[in-house]
Amino acid sequence: MELWKKSLKEISELINSKEIKPSEVVEAFIRRTEEVEPKINSYITFLGEKALEDARKKDEELVKKENRGKLFGIPIAIKDNIITKDIKTTCASKILENFIPPYNATVIERLEKEDFILTGKTNLDEFAMGSSTENSAFFTTKNPWDLERVPGGSSGGSAASVSAGLVPVALGSDTGGSIRQPASFCGVVGFKPTYGRVSRYGLVAFASSLDQIGTFSRSVEDTAILMNVISGKDEKDSTSSDREVPDFTNFIGKDIKGIKIGIPKEFFPETLDKEIKEIILNSAKQLEKEGAELVEISLPTSKYSIEAYYIIAPSEASSNLARYDGVRYGYRAEDYKDLEEMYSKTRDRGFGAEVKRRIMLGTYALSSGYYDAYYLKAQKVRALIYLEFMEAFKKVDLILTPTTPDVAFKIGEKTDNPIEMYLSDIFTVSVNMAGLPAISIPAGFKNSLPVGLQLIGKPFDEGTVLQVADRFEKINNYNLKFPNL
Amino acid sequence: MEFEPVIGLEVHVQMSTNTKCFCSCKVEFGAEPNTNVCPVCLGMPGSLPVLNKKALEYAIKASLALNCKVNELSVFARKNYFYPDLPKGYQISQYDKPLATDGYIDIKIDGKTERIRIHRLHMEEDAGKTIHKGKYSYVDLNRAGTPLMEIVSEPDIRSGLGARLYLEKLRNIMRYIGVSNADMEKGQLRCDVNISLRPKGSDKLGTKVEIKNINSFRFVQKAIEYEIERQKRILKKGEKIIQETRLFDEKTGKTFSMRSKEEAHDYRYFPDPDLIPVRITKEYIQEIKNSLPELPDEKAERYIKEYKLTEYDADVLVADKERAKYFEEAISIYSKSPKSIANWIINELLGKLNEKNIAISDSPVKPSHIAELVELIDSGDISTKIAKEVFEEVFKTSKSPKEIVEEKGLKQVSDEGEIRKIIEEILDKHPKEVEKYKAGNKKIMGFFVGQVMKATKGKANPKVVNKILNEILG
C-alpha cells in the first residue's frame, strides 16, 4: 500500500520502528499533493519545502532522540483560521491576506511539542462562515469524490486534504457543523469535541461561544490519538475546561454492548431524502446487532436551532470582527479622507458578501431595542436546546442522526440562496448550541457520494462517541475507500 | 425662583496592578510607545482575554472600602465602538451585572456630614492613547488593557465644593487601601461630571449636561460652579438647557460645548463569551474585608476617642494616608501628648511643607523629631517659644531637636537659685522701675520678665521667673 494511504497510527509505527524516515513520509505526501492538489485546491498555503526541511531535521532526531513526541514526523494540515507563528494566516479573507502572526495557537504549540510536521494551511469559507468554501476570498475547494461538487464547509480544505490523501489528519474548526458537514461530504471522520475541551486560543474567532477546534482523519483511532494531544485546560483560554482528559485511545477496539443509542425522530423528518434515511437507519441497526440498544427519543426544540443560531453566531461575529479596522494589521484601503472613510472602505473591500451579511445581522440583533427580542430570546432557545439534550441523555448514552440532509451539492447550486445554504447545517447546529461532542463518520454512499453518520455524546464524554464510532468503522471499513482522482 | 444643582460623578480609577487586566503585559507610566503590548492587548486575531486576579481583588477591596455590596456573580460585557486606540473594536467592561452596587462616601461640608451614595462600581479595561500631530494620528497601545474601576455616584452632590470633597475622599480611600495612586495629573483618576438644575424642592431631574476631561480637583469645582451659573442664567431667561457634552477651559474658567455632533451611541452591549462569569464566594469577600486597613473615617473617630483630638484636627490628619502615618509614628515614639503632636504637625509642619512644596513622606522633620520636640517641651527643657526656633532649625538641618538644644545651649533654665540671682541683679540695675512697681504700677512686671528673658536669651522658665519676681516684689 502506498504510504499516503496509511493512517497516522500506521505511519507512526513505521517511523518508530525506523522502517521509514520522516523525510520519506513527507516526500510521499508531497508527491501525492503535487499530483492531485491542482484538481482539488485544498491549500491556501502549501508548505512542502518547509515540511521537507523539518522532516530532514527529524530524520536526524530519529537516530539521536529517545523521547520522541507522539506525532513525531506526522504531516498535518491546519485550517487557515488557526494561528501559526511566522506563517501567513488568512482566514480566507482579503482583510488578512498578508497577515503573518507573531504567535502560535495553543493547539499548534501542543502539536509542536509532539513533533508534528506542518504541511500547510487549508482553505475555508471566509472567517469560517459558510458550508462549501465558496465564500473563500481566494478560490473554491473541490470535492475529491466529484470535482464539480463542494467539499462542504467551512473546513472544506482540511476535509478534502484528508479525503484525497494529502495528509493523514488535519485540524479544522466547527461553529455550526464546519467539521462534521465537510467530513460527511468528503467521506472522512470529522470530530467536534465538547466546547471547552480544546483551547480556542489562536483560533480566529467567528462565534466565540460556539467555536471549537476539532479533527479530520480517515480512522477513528487517529482521531483519538490527535485528541489526546490537543485536549485539556489552557491558561490562555478562560473558557477551556479543566476536566481531566482521558486517554481516548482506550476507547478504541471496545465492544459496545449495552450502550443506549437515541434516535431523535425530529432528525428523520418526512422531507428527509429516502436514501440518506435508509443508510442512517441501517447503520443504527448494525450497531444494534453489535449489542447497542436503540431508543426512540424526541428533541422538539432542536427545530429552532438554525433560527437561534443565526442570531447568536452573527451577533458574536459582528463584535469579533470589529478588530479588522485597518489600524494595526491586515488590509487597509489607501484612498480615504478621514477615519470614518478609512474604516468603511477597508471593511467594505476587505470582507466578502457573506461576512458582511452576518456582521449586519449581528449588529442589528444586538442593537438597543432589539436585543431582548433577538439575542436574549435566542439565548433562551439555546438554553432550552441544552436542557432538552440533557433530558435525553438521562435515557441514552449517545444520539444518532444523519450529519447532513443530503450528499455534497454542486458548486454554485446554493450560492444565490443563503437560507438554503444555512439549512445544510440543520442537523449539526444544535450540537454546537448545546456545546456537545459529536462525530461524523462515513456510513455509505449515495450516487457514489459519501454519506455521513453523526453520533452526539454527553458533555465531555468524547470517549463513548469514539468507542461506538470505532466499532461502526470496523464493521464497514468505509474509511479504506479513496476517491478516484 | 431658586434653583438646586443636582450633580453626579463618573470616576475612572486606574488600578495599580503590575500587569494589565486581561494579559500579562506590564502597566507602566511613560514607557516607550507600543512596548508593553502583546497579541491580547493588541487585539490580534485569535487572542483571548484572561482576567487578572489581582485586579479583581483590588476592585473588591475598593468596593468594600466604599461600602458597596459586592455581587457574588458579575459578568463582563463587550462595549462595541470603533476607535483607533481601541484594538478589539470593543472594550471589555461590565454592564447589567456589575461587580458592586449601593455604596456611599461621607463628606463633611461646613462641619456637616453629607452622604453621597455610590450607584455602582464596575471593572473595565482602559483604551490606548491617540496622539494627533499634524497630518497624522499616532496610536500608543501601552495603556490599552490597563485595569480600571468605574465608580458612578448617585446624583447626590449639590455643589462644586461637594464634588471636590467627594473626589478628594475617594482618592484618599484608594490610597489608604493601596489599589491606586489616584493621581489626577497622571490620569490615574479621571472624572466626568453630570449636572442639571431644578427648582428647589422639586424631585424631578432637569436636563443634564455632561462635562468631560477635567484634570484637577480644583477645576472640577470651578467647572461645576461655572456650569451652575450658566444653567441658572439660561433657565431664568425661560430658555431650555440643551443636553450635550461640554469641556472645561482652564484658562477662561468656562465650559464650552464639545460640538454636540456626538450622537447617542449604541454600544450593543452583550456578555463577553470569551470570559466566564465572575463568581465570588462570601468567604473570599470576607477575607478581603478582614484584610482592609483602617479607613479614614474610622481613623478619625479613633483619634478623637483615643487621643482626644478635635474633630477638625482628626479630619486634617486622616485626610492623607501619609499624614496619618506620620502622626501615628510620632505618637508611637512619644505617647504622652498626642494632642501637642497633632498641633505641631498641623500648625507648624504642614504649612511649612506646603510652602516649600515637599511631601510629608520626604519631610526633613521626621516623626521622631516632632516626638522629641514635644517631649522637650513637656519636660520643661525648652519653652514653646524656643521650641519654634528649634523646629525651624530641624527643618533646615534635619538634626534632632536634642542635638540642636544641646549645641546652641537652648535648654530652659528652671533652677530657682540661678534665676533668683539674675532677677536680683536686674532689680538692682533698675531701682526706678522697682519703685514704680511698689507704687502700684503692676504693669511694669512685664518689663522685668522681659529683662530676665533678654539676659537668659529666652531660656529662663517663665513660670519660675514669675514666681520669684512675685516673691521678691511682694
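The values are calculated or read from the model by the stated rules, or taken from the named source; none is laboratory data. Given the structure is predicted, the values throughout are model-derived calculations rather than measurements. Neighbour counts are summed over all protein chains in view; Cβ atoms, including those assigned to glycine, are modelled from backbone coordinates with ideal geometry. All accessible areas refer to the heavy atoms of the entire protein, side chains included, with ligands and DNA or RNA removed. Shrake-Rupley method; radii C 1.70, N 1.55, O 1.52, S 1.80 Å.
Mind listing the long-range amide H neighbours of B:Lys108? Cut-off is under 5 Å, sequence gap 5 or more, other chains count too, H placed in the peptide plane at 1.01 Å from N. Sorted by chain and number, the residues that satisfy this are B:Glu114.
From other protein chains only, count the Cβ atoms within 10 Å of every residue's Cβ in A:185-198, then give the mean. Provide the component values of the computation, followed by the final result.
On the way: counts 0, 0, 0, 0, 0, 0, 0, 0, 0, 0, 0, 1, 0, 0.
What the average comes to for A:185-198 is 0.
Express the C-alpha Rg of the protein assembly as shown as a ratio against the empirical globular expectation 2.2 N^0.38 Å, rounded to two decimals. It would help to have the intermediate numbers written out before the result.
Values: Rg = 38.9 Å, N = 959, 2.2 N^0.38 = 29.9 Å.
Normalised by 2.2 N^0.38 Å, the Cα Rg of the protein assembly as shown equals 1.30.
In order along region A:343-360, phi translates into HN-Hα couplings of 4, 5, 5, 4, 6, 5, 7, x, 9, x, 4, 5, 4, 4, 4, 6, 4, 5 Hz, rounded to whole numbers, per the Karplus curve 6.51 cos²θ - 1.76 cosθ + 1.60 with θ = phi - 60° and x for Gly and Pro.
Buried surface for the A/B pair, taken as the accessible area of each chain alone minus that of the pair with a 1.4 Å probe, is close to 2700 Å² in total.
Counted residue by residue at 0.36 nm each, then reduced by the alpha carbon distance between them, the extension gain from B:Glu168 to B:Glu406 reaches 81.4 nm.
Using just its DSSP H runs of length 4 or more, each adding -39500 (n - 2.57), chain B gives a mean residue ellipticity at 222 nm of -12000 deg cm²/dmol after division by all residues.
Estimated from helical segments only, the mean residue ellipticity of chain A at 222 nm is -11500 deg cm²/dmol, where each DSSP H run of four or more residues counts as -39500 (n - 2.57).
Residues of chain B were split at every exposed loop site, defined as trypsin sites (Lys or Arg not before Pro) in a DSSP loop with at most 14 other C-beta atoms within 10 angstrom, and the longest piece left, sites excluded, is B:1-134.
Karplus-based coupling profile of region B:63-69, in residue order and whole Hz: 4, 5, 5, 9, 6, 8, 8, with θ = phi - 60° in 6.51 cos²θ - 1.76 cosθ + 1.60 and x standing for Gly or Pro. Using only Cα atoms, tell me the angle between helix B:321-333 and the longest principal axis of chain B; keep it within 0 to 90° and round to the nearest 10. With rounding to tens, the tilt is 40 degrees.
Computed from backbone phi with θ = phi - 60° and the Karplus coefficients 6.51, -1.76 and 1.60, the 3J(HN,Hα) list for region A:49-57 is 5, 4, 5, 5, 4, 4, 5, 5, 4 Hz; x is used for glycine and proline.
I want to make sure I understand the PRE zone here: with the label point 7 angstrom from the Cα of B:Asp102 toward its beta carbon, which residues in region B:268-294 have backbone N atoms less than 11 Å away? Once the point is set 7 Å along Cα→Cβ of B:Asp102, nothing inside region B:268-294 turns out to lie under 11 Å by backbone N.
Does region A:179-231 classify as rounded, prolate or oblate by the C-alpha gyration tensor (a ≥ b ≥ c root eigenvalues; a/c under 1.5 gives rounded; else a/b over b/c gives prolate, otherwise oblate)? Let's see the in-between values first.
Details: a/c = 2.59, a/b = 1.36, b/c = 1.91.
Here region A:179-231 falls in the oblate category.
The alpha carbons of region A:233-273 give a radius of gyration and a Dmax of 17.9, 47 Å, in that order. Restricting region A:310-346 to chymotrypsin sites (Phe, Trp or Tyr not before Pro) that sit in a DSSP loop and have at most 16 other Cβ atoms within 10 Å of their own Cβ leaves A:Tyr336. The loop-placed GluC sites (Glu not before Pro) in region B:186-273, going by DSSP, that have at most 12 neighbouring Cβ atoms within 10 Å of their Cβ come out as B:Glu239, B:Glu262, B:Glu263.
When the Cα centres of region A:187-217 and region A:256-322 are compared, how far apart do they sit, in Å? Each part reduced to its Cα centre gives a spacing of 19 Å. If only the Cβ of Lys and Arg carry +1 and only the Cβ of Asp and Glu carry -1, the dipole of chain A around its Cα centre is close to 300 debye.
Helix B:282-291 and the longest principal axis of the Cα set of chain B meet at an angle near 30°.
Near the amide H of B:Cys68, within less than 5 Å, lie the amide hydrogens of B:Tyr104, all on another chain or at least 5 residues away, with H placed in the peptide plane. Relative to the Cα centre, the charge distribution of the protein assembly as shown, modelled as +1 at Lys and Arg Cβ and -1 at Asp and Glu Cβ, gives a dipole magnitude of about 2360 debye.
Under 5 Å from the amide H of B:Arg198 lie the amide H atoms of B:Glu4, B:Val6, each residue being 5 or more positions distant or on a separate chain, with H modelled from the backbone and absent for Pro and chain starts.
For the residue pairs B:Lys289/B:Lys321; A:Lys113/B:Lys20; B:Lys61/B:Lys108; B:Lys385/B:Lys443; B:Lys54/B:Lys186; A:Lys5/A:Lys192, alpha carbon separations beyond 25 Å are given by A:Lys113/B:Lys20.
When the charge dipole of region B:256-374 is built from unit charges on Cβ atoms (+1 for Lys and Arg, -1 for Asp and Glu) and taken about the Cα centre, the candidate among B:Ala342, B:Val316, B:Tyr284 whose Cα reaches farthest toward its positive end is B:Ala342. Placing dummy labels 7 Å off each Cα toward the beta-carbon, the span from B:Ser414 to A:Lys356 is 9.4 nm.
Counting only protein heavy atoms and using a 1.4 Å probe, what share of the accessible area of chain B belongs to carbon plus sulfur, as a whole percent?
Details: 11550 of 23800 Å².
Result for chain B: 49 percent of the exposed heavy-atom area is carbon or sulfur.
Accessible surface computed residue by residue for chain A, with neighbouring protein chains in place and a 1.4 Å probe, gives 36 Å² per residue. Placing a label point 7 Å from the Cα of B:Asp266 along the Cα-to-Cβ direction, the residues of region A:369-386 with a backbone N closer than 14 Å are A:369-375.
Could you pull out the longest piece of chain A with no exposed loop trypsin sites (Lys or Arg not before Pro) in it, calling a site exposed if DSSP puts it outside H, G, I, E, B and it has at most 12 other Cβ atoms within 10 Å? Write out the running numbers ahead of the final one.
On the way: sites that count: A:Lys18, A:Lys65, A:Lys257, A:Lys337, A:Lys394, A:Lys395.
The longest such stretch corresponds to A:66-256.
Can you give the longest stretch of chain A with no exposed loop site, where a site means GluC sites (Glu not before Pro) in a DSSP loop (not H, G, I, E or B) with at most 16 other C-beta atoms within 10 Å? Before the final figure, lay out each step's value.
On the way: sites that count: A:Glu2, A:Glu19, A:Glu66, A:Glu97, A:Glu148, A:Glu235, A:Glu244, A:Glu270, A:Glu290, A:Glu334, A:Glu413.
Longest stretch, sites excluded: A:149-234.
Partner chain Cβ atoms within 10 Å, averaged over the residues of B:46-53 - can you pull that number for me? Could you put the intermediate results ahead of the total?
Details: counts 17, 10, 14, 3, 6, 1, 0, 0.
What the average comes to for B:46-53 is 6.
Computed from label points 7 Å out along Cα-Cβ, the spacing between B:Lys442 and B:Glu355 is 3.8 nm. Positive-end ranking of A:Ala92, A:Phe72, A:Ile108 along the dipole of region A:49-152, with charges on Cβ about the Cα centre, is headed by A:Phe72. Shielding by partners for peptide A:314-327, expressed as the average number of C-beta atoms from other protein chains within 10 Å of each residue's C-beta, is 6. Annotation note: chymotrypsin sites (Phe, Trp or Tyr not before Pro) in region B:26-91 located in DSSP loop regions with a Cβ neighbour count of at most 11 within 10 Å are absent.
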